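Here's the structure, in structure tokens; my notes come after.
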Amino acid sequence: MWFRPEPESPPTAGLPLGLADMGGAVPAPLTALAAQWLGVDEAQLECSGTAALTVALTALADHARARREVVIPAFTCPLVPLAIRRAGLQVRLVDLRAGHFDMDPDRLDDACGDQTLAIIPTHLGGRVADVAHANAVARAVGAFVVEDAAQALGARIDGAAAGTHGDVGFFSLAAGKGLSIFEGGLLVARDATVRDSIRRASRRIAGWHPGWELRRTLELAGYAAFYRPRGLGVAYGGPLRRALGRGDLLGAAGEHFDANFPLHRVGRWRRAVGARAFHRLPRFIETTAAQARARVPALASIPGVHVFTDDGGTWPYLMLLLPDEATRDAVLQRLWASRHGVARMFVHALPDYPYLGTMAGSEDVPAARDFAARTLTVTNSPWLDDACFEHVCAVIEATIVSR
Ligand SMILES: *Cc1c(COP(=O)(O)O)cnc(C)c1O
């Protein structure tokens, strides 16, 4: 062949789709399979994790009309504040615990009151957040807890699925986030009344848009075709390296998000693809968890590197904290454009995305900025073989040692 792209690892361990997922019998509806696996009565499907959050908040706002604020960590996916605003609500940022992705518990206490509609504890990169504390604060002020489990489908906290410990939980089915239908989101809620209003809110704000569904259908077919080592060099690596070449960090991280994100119903074919692939997910999570456990020690033994771990989480990637920003940037200088699945998580703390504008709490988020400056991620895709993983470790170690 005249053109044979180099193999490339994706930045996260997504479940690869196969030809057999594209057609044939459907074991059960995707939402039923997800509900059963998560251990809940029902799950609802939306067209993205962001759409799921928008629908959930729209519904919760009807339950507590005087409450307009949604409290989120100051370092999370920039789509989260966009969803809050799309639901007609206001964002309140809470700074992180030093050196951690979770909200600082004292600052969370201070941020909440009778204006608070919901608190969003956020599981990042499969690592579980402190939902228990968010629940306690929410109970004290009369707010809801919405667990952002976008990156944690399949993670468990004390034996029960992450996403089912608060009032509402949502999961992303976006490209690269575990199980994918290219864009999708699952939504679960503890209380049957809340589930009813979430269903109604979805009918109200996320109707049929055949144009969007057609586009997503083609994108999902493309994803299934290209999500393999040689396809990723073309579909992911090429655009990544072009963005880095332009110095476009948000483009490289895929964070040029639009406040006018689509809200629409997911069509039958994409739901069927997700349902057919679903049975492979538990096994895939086991395999990737085993790989992560085997690889954490090598990274954690590098002086100055902190690797986030826990018992029940999933492992899309390994999340690392480096000693300082200059070292982190020096590592990325060598590895982000390589084909080894090393990347930034979110480029900025939320106040530093120009397109998000101003948000309450923006003025005081030093820990979130520090976290954004010092983190990087190493893919946990099974396609990153041991030799490449060892190369990544060696580059990180050499960079730290040389500084
Ligand atoms: C990706 C992500 C979202 C949004 O999910 P989409 O399916 O991409 O809309 C929300 N929160 C976090 C933490 C995410 O990583």
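Details
- Considering only residues in the range 353-370 that are buried (at least 16 other Cβ atoms within 10 Å of the Cβ) and charged (D, E, K, R), the one that is farthest from Ala74 (Cα to Cα) turns out to be Asp370.
Condition check ((1) surrounded by fewer than 16 Cβ atoms within 10 Å (Cβ to Cβ); (2) within 15 Å of the ligand (Cβ to nearest atom); (3) among the β-branched types (Val, Ile, Thr)) across all residues:
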{"site": "Val26", "(1), (2), (3)": "no, no, yes"}
{"site": "Cys47", "(1), (2), (3)": "no, yes, no"}
{"site": "Ala52", "(1), (2), (3)": "no, yes, no"}
{"site": "Leu57", "(1), (2), (3)": "no, yes, no"}
{"site": "Leu60", "(1), (2), (3)": "no, no, no"}
{"site": "Val71", "(1), (2), (3)": "no, yes, yes"}
{"site": "Arg85", "(1), (2), (3)": "no, yes, no"}
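- Checking Arg268 against (1) without any contact (Cβ under 8 Å) to a residue 24 or more places away in the chain; (2) within 16 Å of the ligand (Cβ to nearest atom); (3) surrounded by fewer than 14 Cβ atoms within 10 Å (Cβ to Cβ), the condition it does not meet: (2)
Here is a yes/no grid of residues against (1) over 22 Å from Pro121 (Cβ atoms); (2) crowded, with 19+ Cβ neighbours inside 10 Å; (3) within 13 Å of the ligand (Cβ to nearest atom):
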| site | (1), (2), (3) |
| --- | --- |
| Gly169 | no, yes, yes |
| Leu187 | no, yes, yes |
| Arg190 | no, no, no |
| Ile198 | no, yes, no |
| Val234 | yes, no, no |
| Leu244 | yes, no, no |
| Gly247 | yes, no, no |
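- Hey, Leu240 more than 24 Å from Pro29 (Cα to Cα) and either crowded, with 18+ Cβ neighbours inside 10 Å or in contact (Cβ under 8 Å) with a residue 40 or more places away in the chain (or both) or not: yes
- When Thr314 is tested against (1) outside any helix (DSSP H, G or I); (2) surrounded by fewer than 20 Cβ atoms within 10 Å (Cβ to Cβ); (3) of a type in the set (Ser, Thr, Tyr), just one condition goes unmet, and that condition is (2).
- None of Arg293, Arg276, Arg283 is in a helix (DSSP H, G or I) and buried (at least 20 other Cβ atoms within 10 Å of the Cβ) except Arg276.
- In the set Arg67, Arg85, Arg107, only one residue is in contact with a Gly (Cβ under 9 Å, 6 or more places away or on another chain), among the charged types (D, E, K, R) and not in a loop (DSSP other than H, G, I, E, B); that residue is Arg107.
- Comparison of Glu255, Glu286 shows that the only residue that is in contact with a Cys (Cβ under 9 Å, 6 or more places away or on another chain) and of a type in the set (Asp, Glu) is Glu255.
- Qualifying positions in the range 137-163 - surrounded by fewer than 22 Cβ atoms within 10 Å (Cβ to Cβ) and either under 17 Å from Pro282 (Cα atoms) or within 11 Å of the ligand (Cβ to nearest atom) (or both): Arg156, Gly159, Ala160
No lab work stands behind these numbers, since they all come straight from the coordinates. If you're wondering where the values come from, they're calculated on a predicted model, not measured in any experiment. Glycine also receives a Cβ, built like all others from the backbone with ideal geometry; neighbour counts cover every protein chain displayed.
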